[in-house]
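Every read-out reported here was derived from the displayed coordinates using simple, explicitly stated rules and does not represent laboratory data. If you're wondering where the values come from, they're calculated on a predicted model, not measured in any experiment. Every residue, glycine among them, receives a Cβ derived from its backbone with ideal geometry; neighbour counts consider all protein chains shown.
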Amino acid sequence: MEEIIYEEDIINLKDVIAVLRKRSRLIAAVVVVCVAVAVIYTFLIKKPVYESYTTIMVGKPVPRVQDSSTPVTYQELQTNRLLVSTYGEIAKSRSTLEEVIRKLNLNTTYEKLKEQVKVKLVKNTEIIEIRAADHDPGMAATIANAVAESFSRQVIRIMNVENVQVIDEAIPIYEKVQPKPLLNLMLSLVVGLIMGVALAFLKESLDTTIKSPEDVANYLGLPVIGAIPYVEKGEVD
């Protein structure tokens, strides 16, 4: 029984390889089309996106007028870290981002700007990272810095404390974050292969023409008692 199953597996594998060889041109054509579409999209259609970031630190949550010589206790540090998540929400709030839109006179909406701005909370620290993306690297840095400034003012207004310090201001970074040519090409190659193979087997399954003695047995259920070879004209004397 195991030998029969093993032989059937070999036959099925041979059939698969035969289909792939037979439809190799179709598969290659699909792959080429997918890669070509990816190249056109990556290099001709998709505008490059640049990203810049600023890092800020949430300090001791005390009133604006304070004694700088007072040491920070461990409990206060833990409280600050718990407040970081709250501050993260303030950083991407409607009040913060709409102030940025007004200040920079941006032709955009709060919803669209929110997609451009990402707020990352650095784990187990009091540090918040604000990232901004734009087609212009200079504008990306400007937006990130404007969000940090607006955020600081919103903290004063809402929390009545002045405890936000900028560690690093955003500067233009000229390395594109999107599109990613290598990733796009690899994905298009994989998608093209999958689509090409699927289309090859679909076309093969729809092809019911008789091409071999095995097809007679498989499709018609009739035994093959003989085969007449095809002879090209001029081969017979």
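Structure values in brief
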| read-out | value |
| --- | --- |
| Relative contact order (%) - criterion: Cα under 8 Å, at least six apart; region: the range 116-155 | 30 percent |
| Cut-off under 5 Å, modelled amide H: who pairs with residue 49 long-range | 177, 178 |
| The range 172-187 - phi-based ³J(HN,Hα) in whole Hz, Karplus 6.51/-1.76/1.60, Gly and Pro as x | x, 10, 8, 8, 5, 9, 8, x, 10, x, 4, 4, 4, 5, 5, 5 |
| Summed residue charge, Cβ within 9 Å of residue 204's Cβ, Lys/Arg positive, Asp/Glu negative | +2 |
| For residue 171, residues with placed amide H under 5 Å, excluding near neighbours | 53 |
| Gain in span if fully extended, residue 43 to residue 165, counting 0.36 nm per residue against the direct Cα distance | 39.9 nm |
| Listed residue pairs exceeding 30 Å between alpha carbons, taken from 92/180; 46/114; 22/180; 47/120 | 22/180 |
| The range 98-111 - phi-based ³J(HN,Hα) in whole Hz, Karplus 6.51/-1.76/1.60, Gly and Pro as x | 5, 5, 5, 4, 5, 5, 8, 6, 7, 8, 8, 10, 4, 4 |
